[in-house]
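The values are calculated or read from the model by the stated rules, or taken from the named source; none is laboratory data. Being a predicted model, the structure only gives us computed values, none of them experimental. Quick reminder, even Gly has a Cβ in these numbers, built from the backbone with ideal geometry, and neighbours come from all protein chains shown. Calculation scope for accessible area: heavy atoms of the full protein, side chains included, ligands and nucleic acids excluded. Shrake-Rupley method; radii C 1.70, N 1.55, O 1.52, S 1.80 Å.
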Amino acid sequence: MSTTIIGADFSGAHSDSNTWCARGQLDGDGTLYLDSVQRIRRDELGDLLPQIPTPAVGALDFPFGVPRRFAERLGAVSPCRAMPDLWDVVAAMGLDDFIGQRNRFVAENGEPRRAGDLKYHRESYSPLHNVNPNMLPMTYHGIGLLHRWHLGQPRRWYVPPLPPGGPPSETVTLLELMPGAFLRSIGLPYKGYKKGQRARQLRDEILVSLAAKSGVGIDNLSDVQSDCRASDDCLDAVVAAVGAAAWALDCSRFRHPNLDDLADAQLEGWIYVPKQKPCRGE
């Protein structure tokens, strides 16, 4: 039986023109075939996931939650105990209100990071960061999609580390996955491939070694290589899809929250990548 694979490099930009989505099928022998890699609007991604065949794994590059103290501020009236509670609260707000709440919170408390990011992904930004990059629209719009999906079909989704909504054959696993962190974990260049003098060279290095380093056979990577060389966003979508396929093949390779991490991860979200191997960056 094949598994539907989705990888999304998500953008919260006002123009809504910078999200890339890679879609494919992982067959029974562990080979990923990429059906399409293309720009997509946020609403198109929102419409796609409820319709894809199951079983499926989608790796999405946006924060699934916010730092606990900010979640507690947002949930002052309706407490946020886990991600779906937070999604409900944020979905009832406008973007300007969300940003205003963030600004007042940061003025009083600074810009905390999530517990899992602080412990395992120190290179990552807080979902409350708003300068180069501005994470706020991405976080707001991404959480809006999670709320929409969960509200419409609650049994269709498995959002680790929350419990699954239904049996594996009937669910879509949604992973928060940061492409740079995934590349780092499998020993590929994770800095400098987006911008800079060596960006194209580093993208080529990633493309040449992605299958071998990830353990995911990629049947037709050559079909999208030129687009990945031209656009780091396109490459990130492909890397996310490979991460989703790696999860489908063996999720035990990935770092999961331990008992001490679990309560924070169920509220704040958790970046899933394989347990780190010796790696190099640029």
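For the stretch 44-169, averaging the sequence separation of C-alpha pairs within contact (under 8 Å, six or more residues apart) and dividing by the residue count gives a relative contact order of 30 percent. Among beta bridges from DSSP that stay inside the chain, the antiparallel ones total about 50%. In degrees from 0 to 90, rounded to the nearest 10, what is the angle of the helix 136-152 Cα long axis to the longest principal axis of the chain? Computed tilt is about 90 degrees. Length gained on full extension, Tyr33 to Lys275, computed as 0.36 nm times the residue gap minus the Cα-Cα distance: 84.7 nm. Relative to the first principal axis of the alpha-carbon coordinates of the chain, what is the inclination of helix 199-214, with its axis defined by its Cα atoms, in degrees from 0 to 90 and to the nearest 10? The angle comes out at about 80 degrees. Dividing the helix sum by the residues of the chain, where each DSSP H run of 4 or more adds -39500 (n - 2.57), gives a mean residue ellipticity at 222 nm of -12500 deg cm²/dmol. The simple spin-label model puts a point 7 Å past each Cα toward its Cβ; for Ala13 and Glu123 those points are separated by 2.3 nm. Between helix 259-268 and the chain there is an angle of about 80 degrees, using the helix long axis and the longest principal axis of the Cα atoms. For the chain, the number of Lys pairs separated by eight or more positions or lying on different chains, with C-alpha atoms closer than 18 Å, is 6. When both the stretch 163-225 and the stretch 30-82 are represented by their alpha-carbon centers, they are found 17 Å apart.
The accessible surface of the stretch 39-171, taken with every protein chain in place and a 1.4 Å probe, is 51 percent carbon and sulfur.
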